[in-house]
Amino acid sequence: MAVVFKRTEGLTDAPFHYCPGCTHGIVHRLIAEALEELDVLGDAIGVAPVGCAVFAYNYFNCDMQQAAHGRAPAVATGIKRARPQSIVFTYQGDGDLAAIGTGEIVHAAARRENITVIFINNATYGMTGGQLAPTSLVGQITQTSPYGRKVELQGYPIRVSEMLATLEGAAFIKRCSVDSIKNINDAKASIKKAFRYQMDEMGFSMVEILSTCPTNWGLSPVESMEWLRENMIPHYPLGVFKDIEKGGGV
Amino acid sequence: MKGNEAIAEAAIRANCKHFFGYPITPQTEISAYMAKRMPRIGGVFLQAESEVAAINMVYGAAGAGVRVMTSSSSPGISLKAEGISYIAGADLPCVIVNIVRGGPGLGGIQPAQSDYFQAVKGAGHGDYKMIVLAPSSVQEVVDCTFDAFDLADKYRVPVMILGDGMLGQMMEPVVFPEKSPKCEQKDWATCGTKNKRKPNIINSLYIEPQDLERLIIARQQRYNAIAEKEVRFEKENIEDADIVLVAYGTTARIVKAAYEKARKNGIKAGIIRPITLWPFPEKIIAETAQRAKAIVCVEMSMGQMVEDVRLATGGACPVGFYGRAGGMVPEPEAIYDVIRRYV
Ligand SMILES: Cc1ncc(C[n+]2csc(CCOP(=O)(O)OP(=O)(O)O)c2C)c(N)n1
Ligand code: SF4
């Protein structure tokens, strides 16, 4: 009998601890499948963030390091410089990457660090209970913006992909979403492409993935997907922001 | 050779091929030397965007199984504190150099010893220790650097070399040891499974209290072994001494002049110079306190090591202190006056 669906070799047997309907799990699977299909699991070294994905080191079936909050790109730099033949990736949330770790991500991209970053943008701090993130939308109610994000108080959300695309060291930067089968397939193809750029030593690659946090958004998984489509995608348009193969940014 | 350059050259000869740093006075010669030499030997020199990034690069490289070093000075070490705690918590070996300058805050750029507490008591959070080596000559800088890498690998701990601007700038002849560096088998490192083994994980998170405590206790046992086997110090004429001076690093060189004057004037003086600040040479100080009339501690600070000296004496003899701060250096005359007070 032909196998039509099997568990990817890229994940261990450890059960995910994510909340029901959380998109972290989907993205884990896409990364794992990409590494398996590119046949680089044995060369891969992942870096887990501080955030809901902190236990990612238990889930990916490859060597893993756990980094301090926001420091994953620096840790990945140390790994890549020590083991240039390895395939090194970080997995980071928006608090991790775009607040406390802004310096690390900008300079990893600027240095043309040959690593791949998977950036989970769920517009909130999931793990600590849903506080304002640098990516929270204007008006968004969070635990620390109970009256909604106000530009006079908290300024504007950061569009990380657009910002990093301005850096010459960035080779491939794309924003994806996992709210539909079509978008999930596209996200996987994009992750694969990002890894391929690393394998070809083309420089820094990042895939930003718009994600949901039903628990802290206070919505059901289905409502969360709708909220993402209606509120996040208009502010965070999907697409390629940098692809040096296609000649520069958008 | 300058002290700072000697650290860099010794590190390279100890098979350290990876260096991550951020510019700060008075350690700049270390980075400059590394920047020149590393590309020529196929090594990596990288100027990070901050000390925070530099120490986390060290974490990554150490976790990937290579010998790795960073160097900085006081304000930079404060920023590295987070990373050092994670390195200790993940049991990673690395070497951190602190060429201390005056503080707190931006302080000054002249030599000081005011980071003793930060080095010895732990700058970062959590129950951890670093081996701290405090050389007092350029030759000893070389020897300590070789040892630092071996100790780090042997015990899987961060090792700090604590110097000061004076030592860094000091020019003295050095001999580099001919020994080939030890290379520990690091089968715990993350360098890709090659599909031949289970994944290795570098991590300091243990969410179950009983797991975390078990690890902390195991680490403590390693610390106990270090405290038992790796204490280093130098002593001079302490057997018959009435007054024993305790000082480390460049201060120990100044103390020597006061000691010589005391001996010349018929005062039975002696010196204990700790080389490891952690583990602290407490046994020899405890023994000395039983015999001596007094112990006098001299530091380029307002009194930090003196607390460990007092603890070690257990109150068996009076402990005097003389210190200068902010980049001011203790003068032999003033030290001599303190000695006389205790005769
Ligand atoms: C230095 C430091 N500051 C704060 C924290 C607490 N903390 C843990 S996770 C987190 C936010 C994570 O949010 P994000 O990166 O968006 O990831 P998510 O949980 O949403 O996946 C914070 C602030 C910490 N662990 N370390
Ligand atoms: S808190 Fe949010 S981001 Fe974290 S696992 Fe739950 S749903 Fe996912």
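Filtering the stretch A:60-86 down to residues that are more than 21 Å from B:A54 (Cα to Cα) and open to solvent by less than 10 Å² (accessible area, probe 1.4 Å), which residue is farthest from the other protein chains (Cβ to nearest Cβ)?
Selected residue: A:F60.
Inspect the stretch B:119-133 for any residue being surrounded by 20 or more Cβ atoms within 10 Å (Cβ to Cβ), in the same structural domain as B:L79 (by TED's automatic domain parsing) and assigned to a helix (DSSP H, G or I) and give the result as yes or no.
Yes: the stretch B:119-133 contains one or more residues that are surrounded by 20 or more Cβ atoms within 10 Å (Cβ to Cβ), in the same structural domain as B:L79 (by TED's automatic domain parsing) and assigned to a helix (DSSP H, G or I).
Could you list, in sequence order, all residues of the stretch B:157-180 that are open to solvent by less than 70 Å² (accessible area, probe 1.4 Å), assigned to a loop (DSSP other than H, G, I, E, B) and not hydrophobic (A, V, I, L, M, F, W, C)?
Scanning the stretch B:157-180 gives B:E172, B:P177.
Scan A:E104, A:E33, A:E113 and give me the residue that is within 8 Å of chain B (Cβ to nearest Cβ) and at pLDDT 95 or above.
A:E104
So in the stretch A:1-11, with the set limited to residues that are assigned to a loop (DSSP other than H, G, I, E, B) and open to solvent by less than 30 Å² (accessible area, probe 1.4 Å), which one is modelled with the highest pLDDT?
A:G10
Name, by its number, the condition in (1) within 16 Å of ligand 2 (Cβ to nearest atom); (2) in a helix (DSSP H, G or I) that does not hold for A:H69.
Against the list (1) within 16 Å of ligand 2 (Cβ to nearest atom); (2) in a helix (DSSP H, G or I), A:H69 comes up short only on (2).
Could you say whether any residue in the stretch A:44-53 is of a type in the set (V, I, T), more than 13 Å from ligand 1 (Cβ to nearest atom), closer than 15 Å to B:L92 by Cβ and in contact (Cβ under 8 Å) with a residue 40 or more places away in the chain? Write out each step before concluding.
Applying the first criterion (of a type in the set (V, I, T)) to the stretch A:44-53 yields A:45, A:47, A:50.
With more than 13 Å from ligand 1 (Cβ to nearest atom) added as a condition, the list becomes A:45, A:47.
Checking the rest, the ones that are also closer than 15 Å to B:L92 by Cβ come to A:45, A:47.
Cutting the leftovers down to in contact (Cβ under 8 Å) with a residue 40 or more places away in the chain gives us A:45, A:47.
Within the stretch A:44-53 (the criterion being of a type in the set (V, I, T), more than 13 Å from ligand 1 (Cβ to nearest atom), closer than 15 Å to B:L92 by Cβ and in contact (Cβ under 8 Å) with a residue 40 or more places away in the chain), the answer is yes, since at least one residue qualifies.
Tell me which residues, restricted to the stretch A:154-172, are more than 25 Å from A:P214 (Cβ to Cβ) and in contact with a strand residue (DSSP E or B) (Cβ under 8 Å, 6 or more places away or on another chain).
A:E162, A:L164, A:A165, A:T166, A:L167, A:G169, A:A170, A:A171, A:F172, listed by residue number.
Pairs only if they're at least six apart or on different chains, beta carbon under 6 angstrom, first in the stretch A:179-201 and within 14 Å of A:T23 (Cβ to Cβ), second modelled with pLDDT of 95 or more and open to solvent by 70 Å² or more (accessible area, probe 1.4 Å); list them, first residue then second.
These pairs meet every condition: A:D179/A:R229.
Find all pairs meeting these conditions: Cβ atoms under 6 angstrom apart; at least six residues apart or on different chains; first residue within the stretch A:118-137 and under 12 Å from A:D94 (Cβ atoms) and within 8 Å of ligand 1 (Cβ to nearest atom); second residue open to solvent by 20 Å² or more (accessible area, probe 1.4 Å) and among the β-branched types (V, I, T).
Cβ pairs passing all conditions: A:Q131/A:T144.
Restrict the check to the stretch A:57-77 and report whether at least one residue is over 16 Å from A:Y125 (Cα atoms), basic (K, R) and more than 16 Å from ligand 1 (Cβ to nearest atom).
Restricting attention to the stretch A:57-77, the residues satisfying the condition of being over 16 Å from A:Y125 (Cα atoms) are A:57-67, A:71-77.
Of the ones still in play, those that are also basic (K, R) are A:71.
If we keep only those that are more than 16 Å from ligand 1 (Cβ to nearest atom) as well, we get none.
No, because not a single residue in the stretch A:57-77 is over 16 Å from A:Y125 (Cα atoms), basic (K, R) and more than 16 Å from ligand 1 (Cβ to nearest atom).
Return the only residue of B:K261, B:K256, B:K198 being open to solvent by 10 Å² or more (accessible area, probe 1.4 Å) and within 28 Å of the chain's Cα centre (by Cα). Can you show your working first?
Numbers: B:K261 fails: within 28 Å of the chain's Cα centre (by Cα); B:K198 fails: within 28 Å of the chain's Cα centre (by Cα).
None of the others qualify; the one that does is B:K256.
Criterion first (in the same structural domain as B:V157 (by TED's automatic domain parsing) and not polar (S, T, N, Q)) does B:Y223 satisfy it? Give the steps one after another, and end with the answer.
Working: in the same structural domain as B:V157 (by TED's automatic domain parsing): yes; not polar (S, T, N, Q): yes.
Spelling it out, B:Y223 is indeed in the same structural domain as B:V157 (by TED's automatic domain parsing) and not polar (S, T, N, Q).
Within 25 Å of A:E104 (Cα to Cα) and more than 16 Å from ligand 1 (Cβ to nearest atom): is that true of A:A2 in this structure? Even if it seems obvious, please write down each step before you answer.
Details: within 25 Å of A:E104 (Cα to Cα): no; more than 16 Å from ligand 1 (Cβ to nearest atom): yes.
Against the criterion (within 25 Å of A:E104 (Cα to Cα) and more than 16 Å from ligand 1 (Cβ to nearest atom)), A:A2 does not qualify.
Among the residues of the stretch A:141-161 satisfying the criterion of being within 16 Å of ligand 2 (Cβ to nearest atom) and surrounded by fewer than 20 Cβ atoms within 10 Å (Cβ to Cβ), which is farthest from the other protein chains (Cβ to nearest Cβ)?
By that ranking, first place goes to A:I141.
Name the residue, out of A:I45, A:I26, that is outside any loop (DSSP other than H, G, I, E, B) and within 12 Å of another protein chain (Cβ to nearest Cβ). Steps first, answer last, please.
On the way: A:I26 fails: within 12 Å of another protein chain (Cβ to nearest Cβ).
Exactly one residue qualifies, and that residue is A:I45.
Within the stretch A:140-245, considering only strands (runs of 3 or more DSSP E) that don't extend past its boundaries, which have at least 1 residues that are at pLDDT below 95?
Of the strands (runs of 3 or more DSSP E) lying wholly inside the stretch A:140-245, none has at least 1 residues that are at pLDDT below 95.
I'd like the residue in the stretch A:207-218 that is within 15 Å of ligand 1 (Cβ to nearest atom) and of a type in the set (A, V, I, L, M, F, W, C) and, out of all such residues, is farthest from A:R175 (Cα to Cα).
To start, the set of residues in the stretch A:207-218 that are within 15 Å of ligand 1 (Cβ to nearest atom) comprises A:208-218.
Now restrict to residues that are of a type in the set (A, V, I, L, M, F, W, C): A:209-210, A:213, A:217.
On the way: A:I209: 6, A:L210: 7, A:C213: 18, A:W217: 21 Å.
Restricting to residues being within 15 Å of ligand 1 (Cβ to nearest atom) and of a type in the set (A, V, I, L, M, F, W, C), the top hit is A:W217.
Could you list, in sequence order, all residues of the stretch A:100-116 that are under 17 Å from A:I79 (Cα atoms), away from ligand 1 (no atom under 13 Å from the Cβ) and touching a Ser or Thr at 6+ places or on another chain (Cβ under 9 Å)?
Passing the criteria: A:H107, A:A108, A:R111, A:E113, A:N114, A:I115, A:T116.
The values are calculated or read from the model by the stated rules, or taken from the named source; none is laboratory data. Bear in mind that the values here come from a model prediction, so they are computed numbers and not experimental data. Don't worry about glycine lacking a Cβ; one is built from the backbone with ideal geometry, like all the others, and counts go over all protein chains shown. With ligands, DNA and RNA removed, areas are computed over all heavy atoms of the protein, side chains included. Shrake-Rupley method; radii C 1.70, N 1.55, O 1.52, S 1.80 Å.
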